[in-house]
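Only the coordinates and a few stated rules stand behind these numbers; no lab work does. All of these numbers come straight from a predicted model, not from anything done at the bench. Methodologically, a virtual Cβ is constructed for each residue, glycine included, from the backbone with ideal geometry; neighbour enumeration extends over all protein chains shown.
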Amino acid sequence: MKAVRAVAMPALVALALAVLPRVAAAQGYPERPVRIIVPIGPGGAYDLVGRLLANRLSDLLGQSIFVENRTGAGTLVGTQSAAAAPPDGYTLLVGGLSNIVFNFALYQKVGYDPEDFVPIALVYTFPYVMMARRDLPQKNLAEIISYARQSPGKLTIAHAGSGSGQQIVGAAFMKLTGTTMVEVPYRTTRGAYPDMLAGRVDLLFDSTAVALPFIKANKVRGVALLAPQRYRTMPDLPTITEAGLPGLGIESWIGLFAPARTPPEVLDRLRSATRVAAEELKPQFENSGGELMQMPVAETDKFIKSEFELWTRVIRDAGIRLD
């Protein structure tokens with residue numbers, strides 16, 4: 001027994017010396033400002049979630065936390081930047097369907113891997129909604145589809161650039177309905193609205209987080225909600241299934257991610273604070289047209305994997321490629 005102890009003690013000491021600095025670092029974390037990268041421009045759902053979390057986490061963690069919008073190539077540039085950051089908890093990423101799932105089916109070379117990130121928490125879920133300019137002659141979904149089939153290329157459909165959720169949903173819609181429309185890309189989701197309001201573009205799929213105020217103010221016409229059931233904040237808006245097109249229910253999600261190999265102790269601190277922040281932000285999430293998403297950490301990886309498999313199949317079946 002003494003011999004075993006003699007052999008084991010140096011190993012235990014070495015383990016303690018390796019672990020103690022990480023524990024100490026986690027206890028002092030964060031010791032300097034933390035950056036949250038939002039891989040799209042201001043105004044969209046990613047930006048909304050990033051800024052709400054940054055403000056609340058700053059208070060909870062006692063350190064400045066700021067948002068950096070890094071745009072380019074859809075969500076690629078900002079996400080690549082976060083993947084290349086040191087895994088120390090001082091660079092985080094707002095991630096969702098577009099950059100955590102869609103990109104791997106859309107591009108041959110993404111510049112990062114699914115394994116480059118670890119989820120801190122998924123906090124926000126929202127459906128997409130189909131909108132039309134107010135004076136569009138076609139009054140409902142059936143009339144829009146009928147006209148688009150009879151007159152290919154006559155309707156225009158706006159989106160927030162290559163690889164954006166808006167583009168994917170629009171492409172899936174055209175594939176499912178056998179229609180062809182002229183795509184009009186913008187740098188951000190909000191960039192499309194001045195032209196929608198002025199009647200220069202016909203259609204737009206967007207998140208409820210951005211679309212809701214425009215629909216409620218009667219500045220655009222809500223056509224259908226891409227969700228399994230009607231939304232409490234828009235009870236008169238039919239679901240897309242009710243409007244006559246089953247198979248296009250899309251509820252997106254957004255969360256906070258860290259580079260892989262971030263110390264477990266730092267991840268634990270971030271996860272604890274983010275859970276508290278998200279719960280406190282529930283009213284803001286609901287007022288924005290989304291909902292609080294609560295999922296145990298142990299289930300998050302399995303959920304993201306299932307979403308990856310589902311949407312990779314959908315995108316490839318639709319023949320959507322961006323390179």
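Summary table below
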read-out	value
Test item: Cα-centred dipole of segment 127-226, Lys/Arg +1 and Asp/Glu -1 on Cβ, debye	160 debye
Sites GLU279 and SER64, calculated FRET efficiency, Cβ-Cβ separation with R0 30 Å, nearest 0.05	0.85
Antiparallel content of DSSP bridges confined to the chain, in %, to 5	65 percent
The chain: relative contact order as a whole-number percent, Cα under 8 Å and 6+ apart	26 percent
Net charge dipole size for the chain [Lys, Arg +1 and Asp, Glu -1 on Cβ; Debye, nearest 20]	180 debye
Lysine pairs meeting the criterion (Cα under 29 Å, 8 or more apart or interchain), as found in the chain	17
Three-way shape label, segment 96-142, alpha-carbon gyration tensor, a/c 1.5	oblate
Kirkwood Rh, angstrom, segment 127-226 [1 / mean 1/r, Cα pairs]	13.1 Å
Nearest-ten-degree value, helix 2-28 long axis tilted from longest Cα axis of the chain	50 degrees
Per-residue [θ]222 nm for the chain (sum of -39500 (n - 2.57) over DSSP H runs n ≥ 4, rounded to 500)	-13500 deg cm²/dmol
Residues with amide H under 5 Å from that of VAL184, placed H, sequence gap 5 or more	ILE157, ALA158, HIS159
Square roots of five times the Cα gyration tensor eigenvalues for the chain, Å	42, 20, 17
Listed residues GLU309, GLU183, GLU68, most fluctuating in the chain (Gaussian network, C-alpha, under 10 Å)	GLU309
Centroid-to-centroid separation of segment 188-245 and segment 107-156 [C-alpha atoms, Å]	11 Å
Under-5 Å amide H pairs with THR239, H placed in peptide plane, nonlocal only	LEU225
Gained length - ASN218 relative to LEU176, 0.36 nm times residue gap less alpha-carbon distance	12.3 nm
Relative exposure of VAL182, VAL129, judged by other C-beta atoms within 10 Å (fewest first)	VAL182, VAL129
Amide H within-cut-off set for GLU68, under 5 Å, with H built and near neighbours excluded	ILE36, ILE37, VAL38
